[in-house]
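Worksheet: one structure, shown below.
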Amino acid sequence: MSRRCRRLSGGRSLSERRTQADRRESTRGALIEAGRRLFAARGYEAVRTEEIVAEAGLTRGALYHYFDGKRGLFKAVFESVEEELVANFPVEKLVGSDPYGALLTGITEFLELSLDHELQRITVLDAPAVLGWEEWHEIQARFGLGLIQAGVTAAIEAGQIRPLPANELANALLGALVEAALYVSRAGDQAGAKARMEAVLTAMLEGLRPRSP
């Protein structure tokens, strides 16, 4: 291969471009990790931009270059946390041999995760206030709605849930889960609130079972 063929536009080689991309991703990742630690520990309002860049070992310029400030970084942190939550509920479980059972298990696991301090602080308490309801809801729906819809559709096709409109049902269940997490996070007795809310959500899901002839 000729030297010219090994070069890309702008005179940079493929390896050079990859190195630059790796550096950008590393810088972005360092800011997200630093922001996540600080936001989870103290909340969005209590964290200053100077603390974030010091924690990441970077400059304010890097923060504003990649995220346009603290709010943009918080949004990226929130999306990262939501992505991790979805990864805990693989689609394979929800569309397997017992999708209804997987939905029940998903409720339990989701409420268990809602007790985690980091998740509470970032996703439930701060995100709606920092991003506004519409943007917060859009991100919640982007990561969780498709997963719930896959499980609901599989349960309907398996005859485990009545043939209701899957998209509308998934939206309703997502809303119920989000409100449940909000309720648990604000309760004085969070473990007790979690147990009561789990019973309510399970009863709601049971109500979707096919009626006996």
Degrees, to the nearest 10: 166-186 long Cα axis against longest axis of the chain: 80
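With charges only on Cβ, +1 for K and R and -1 for D and E, what is the dipole size of the chain about its Cα centre, in debye, rounded to 20? Write out the running numbers ahead of the final one.
Working: 27 positive and 29 negative charges, 253 e Å.
The dipole magnitude comes to about 1220 debye.
Take Met204, Met197 and sort them by solvent-accessible surface of the protein heavy atoms, 1.4 Å probe, largest at the top. Present the calculation step by step, with values, prior to reporting the outcome.
On the way: Met204 95, Met197 35 Å².
Order by accessible area, largest first: Met204, Met197.
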Kindly express, to the nearest 10 degrees and within the range 0 to 90, the angle between helix 70-87's C-alpha long axis and the longest C-alpha principal axis of the chain. 50
Shape of the chain from its Cα gyration tensor (a ≥ b ≥ c, root eigenvalues): rounded if a/c is under 1.5, otherwise prolate when a/b > b/c, or oblate? oblate
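Of the heavy-atom accessible surface of the chain (probe 1.4 angstrom), what whole percent is carbon and sulfur?
Result for the chain: 53 percent of the exposed heavy-atom area is carbon or sulfur.
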In the chain, if the dipole is taken from +1 on Lys/Arg beta carbons and -1 on Asp/Glu beta carbons about the Cα centre, which of Val200, Thr153, Leu164 is farthest to the positive end? Thr153
Explain nothing, just compute: Karplus ³J(HN,Hα) = 6.51 cos²θ - 1.76 cosθ + 1.60, θ = phi - 60°, for every residue of the stretch 112-128 in order, whole Hz, x for Gly and Pro. 5, 5, 5, 7, 5, 4, 4, 5, 4, 4, 7, 8, 9, 8, 8, 4, x
Under a 1.4 Å probe, what is the accessible area of the stretch 60-193 per residue, stated in Å²? 46
Rounded Å value of the spacing that divides the Cα centres of the stretch 32-67 and the stretch 160-213: 35
In whole Hz, the Karplus estimates of ³J(HN,Hα) for the stretch 20-37 (6.51, -1.76, 1.60; θ = phi - 60°; x where Gly or Pro) are 5, 5, 4, 5, 4, 5, 5, 5, 4, x, 5, 5, 5, 5, 5, x, 4, 4
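Could you please put Phe74, Phe89 in sequence from largest to smallest accessible area, using a 1.4 Å probe? Show your work: numbers first, answer last.
On the way: Phe74 0, Phe89 30 Å².
I get Phe89, Phe74, largest accessible area first.
The values are calculated or read from the model by the stated rules, or taken from the named source; none is laboratory data. Note that this is a predicted model, so its numbers are computed, not measured. Every residue, glycine as well, gets a Cβ built from its backbone with ideal geometry; the counts of neighbours run over all protein chains shown. These accessible areas exclude ligands, DNA and RNA; they are computed on the full protein's heavy atoms, side chains included. Shrake-Rupley method; radii C 1.70, N 1.55, O 1.52, S 1.80 Å.
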